[in-house]
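What follows is a short report on a single structure.
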Amino acid sequence: MTEGKQTNAPLVAGEEHFRQLFESNPMPLWVHDLDTLRFLEVNDVACASYGYSRQEFLAMSIRDIRPPEDHAQLEQTILRDGPANQRSGPWRHLRKNGSAIMVEINSQDVLMHGRRVRIVCPIDVTEKIYAQEEIRRMNLVLERKVEMRTRELSGSLALQQSLFDNVPEIVWLANLDGLFTFVNRTWSEKIGTAANDWKDHGWAEKLHPEDLDRVTQEWRDAVAAKDSFETAYRILHRDGGYHDYQVTARKVVGPGADPICWVGICGDVTESRRREDALRYANQELEAFSSSVSHDLRAPLRTIAGFSERLELESADRLDEQNRRYLERIRTGAANMNELIDDLLSLARVTRGGVSMGKVDLSELARLVFKELRQQQPDHPAEIVIQENMTAIGDAHLLRVVLVNLIGNALKFSGKRDVSRIEVGEIVQPGDTSMFFVRDNGAGFDPAYAGKMFGIFQRLHSVKEFPGTGIGLATVQRIVHRHGGHVSAEGAVDQGAKFCFSLRRE
């Protein structure tokens with residue numbers, strides 16, 4: 001008996017060591033019979049993880065912690081002969097409270113007291129599985145978004161390409177190094193001779209030799225400075241001729257206000273240049289014609305005026321009253337004709353001359369004009385009210401002509417009143433435009449003829465009643481139109497008149 005005890009002592013010690021390891025393991029562990037699937041041993045960690053007491057665990061089998069719908073799969077996996085040790089899963093296990101967890105199984109098959117048993121370490125991978133599912137779900141969502149965004153981007157690029165291709169001007173893009181990366185279809189229709197002949201610096205090969213060095217240097221300077229680019233050049237078309245182009249390019253900035261590329265437009269201005277040249281030549285011809293007409297018309301007028309004056313001086317004692325009236329009418333007609341020539345030449349100069357735009361103080365200008373006009377007619381009482389701080393954008397010389405005509409008309413047509421009363425004011429309109437006006441208390445006019453008053457030679461009063469050539473308001477209209485504005489007139493017979501003209505304030 002002593003020898004038997006000594007022989008079994010190592011075995012007992014080994015079992016005790018195994019039990020200590022089993023119970024103290026920080027991972028859940030159990031042992032179940034491979035034939036019956038009943039639990040034989042379970043540690044405290046497993047009890048805490050699944051919510052069962054040790055007695056409850058030992059009264060159950062593996063089937064009791066697996067969902068019923070998984071039992072068939074359990075029979076195919078656990079009950080079949082497998083390797084001595086294996087890792088499998090994930091599997092669904094049920095806690096006592098009915099909640100499901102996902103576990104991976106690490107197992108080892110051993111013989112214990114002559115029975116086949118399996119030592120199992122179930123590792124809870126529920127969060128890991130859920131995280132993987134969430135990642136998979138997010139990947140699917142992201143893939144759909146990427147696919148949708150790709151379709152949108154493809155559609156946007158196709159729309160952009162279509163829009164660019166239907167622009168009649170050449171549209172191009174260049175990177176920050178100044179290399180061209182895109183041109184629209186207009187290039188190939190007008191200029192291109194081969195695919196991608198514009199790429200990088202290829203476009204420069206089409207420039208006129210006399211423009212090449214200048215334009216390429218201007219482009220290099222703009223790229224280096226990351227500044228706007230504007231120039232003009234001649235470029236060879238597919239028809240074999242050089243066309244004039246006006247080019248404007250701007251840098252495109254990204255979200256961080258850093259430039260990311262250039263976008264430019266090349267407009268063919270060949271026809272407009274030809275029209276400008278033709279118009280310039282026509283204006284030169286008109287100038288020469290006006291000078292010739294002025295000389296040819298003034299010469300006989302001077303002759304008529306000179307001889308009629310001499311006739312009156314030398315034959316005064318032989319002329320009766322009627323003949324002297326005839327001579328007076330001849331001289332008056334010559335003077336009126338001379339004034340008409342001056343007005344026509346002034347109107348022609350208004351049409352042809354350049355416009356120098358700037359900020360004009362209309363209040364001060366109106367005061368100066370009124371003062372000068374009053375010096376010419378000092379006897380008749382006249383009052384004027386001029387609104388302060390009226391400013392507009394325009395040519396100061398031409399706007400002075402406008403005020404001379406309008407204030408001069410106001411003085412003339414109110415000359416039969418006891419006191420001429422004139423008002424110069426401003427009516428601010430939405431945007432950057434103002435309507436300026438000159439109002440008087442004069443003879444007025446029939447409003448039915450308001451639309452005709454700005455035509456050349458249009459008069460609503462006889463020369464005997466109010467002198468003039470009928471060109472002043474036509475001059476006003478042409479000047480205002482050259483400033484991009486419009487004119488209008490309001491009035492009634494014997495109730496004064498109001499003449500309006502619009503100009504930009506800034």
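Worth pointing out:
- Region 121-139 residues that are closer than 23 Å to D109 by Cα, paired with ones that are part of a helix (DSSP H, G or I) (beta carbon under 7 Å, 6 or more apart): D124/S49
- In region 183-211, the residues that are surrounded by 15 or more Cβ atoms within 10 Å (Cβ to Cβ), in contact with a strand residue (DSSP E or B) (Cβ under 9 Å, 6 or more places away or on another chain) and part of a helix (DSSP H, G or I): T186, W187, K190, G202, W203, K206, D211
- From R95, R87, residue being open to solvent by 50 Å² or more (accessible area, probe 1.4 Å), touching a strand residue (DSSP E or B) at 6+ places or on another chain (Cβ under 7 Å) and at pLDDT below 80: R87
- Considering residues of region 98-117 that are in a loop (DSSP other than H, G, I, E, B) and open to solvent by 50 Å² or more (accessible area, probe 1.4 Å) only, the residue modelled with the highest pLDDT: G98
- Matching residues, region 212-229, being hydrophobic (A, V, I, L, M, F, W, C) and either farther than 18 Å from W262 by Cα or surrounded by fewer than 12 Cβ atoms within 10 Å (Cβ to Cβ) (or both): L212, A224, A225
- So F445, is it modelled with pLDDT under 80, assigned to a loop (DSSP other than H, G, I, E, B) and among the aromatic types (F, W, Y): no
- Residue in region 52-62 that is touching a Lys or Arg at 6+ places or on another chain (Cβ under 6 Å) and at pLDDT 85 or above present: yes
- Qualifying positions in region 36-55 - touching a helix residue (DSSP H, G or I) at 6+ places or on another chain (Cβ under 6 Å) and buried (at least 20 other Cβ atoms within 10 Å of the Cβ): F39, V42, N43
- Restricting region 311-323 to residues that are over 20 Å from L301 (Cβ atoms) and assigned to a helix (DSSP H, G or I), the residue that is most open to solvent (accessible area, probe 1.4 Å): R318
- Note on region 385-411: residues that are at pLDDT 85 or above, out of contact with any helix residue (DSSP H, G or I) (no Cβ under 9 Å at 6 or more places or on another chain) and part of a helix (DSSP H, G or I) total 1.
- Verdict on R274 being open to solvent by 100 Å² or more (accessible area, probe 1.4 Å) and modelled with pLDDT of 80 or more: yes
- Top-ranked residue in region 230-271 [being of a type in the set (K, R) and touching a strand residue (DSSP E or B) at 6+ places or on another chain (Cβ under 8 Å); ranked as surrounded by the fewest Cβ atoms within 10 Å (Cβ to Cβ)]: R250
- For region 381-396, the candidate set comprises residues that are surrounded by fewer than 15 Cβ atoms within 10 Å (Cβ to Cβ) and not hydrophobic (A, V, I, L, M, F, W, C); within that set, the residue that is farthest from G431 (Cα to Cα) is P381.
- Checking the stated criteria, A316 turns out not to satisfy the condition of being at pLDDT 75 or above and of a type in the set (A, V, I, L, M).
The values are calculated or read from the model by the stated rules, or taken from the named source; none is laboratory data. Just so it is clear, the structure is predicted and the values come from calculations on it, not from any experiment. Cβ coordinates were reconstructed from backbone atoms using ideal geometry, including for glycine residues, and neighbour counts include every protein chain displayed. The accessibility values were calculated without ligands, DNA or RNA, using every heavy atom of the protein model including side chains. Shrake-Rupley method; radii C 1.70, N 1.55, O 1.52, S 1.80 Å.
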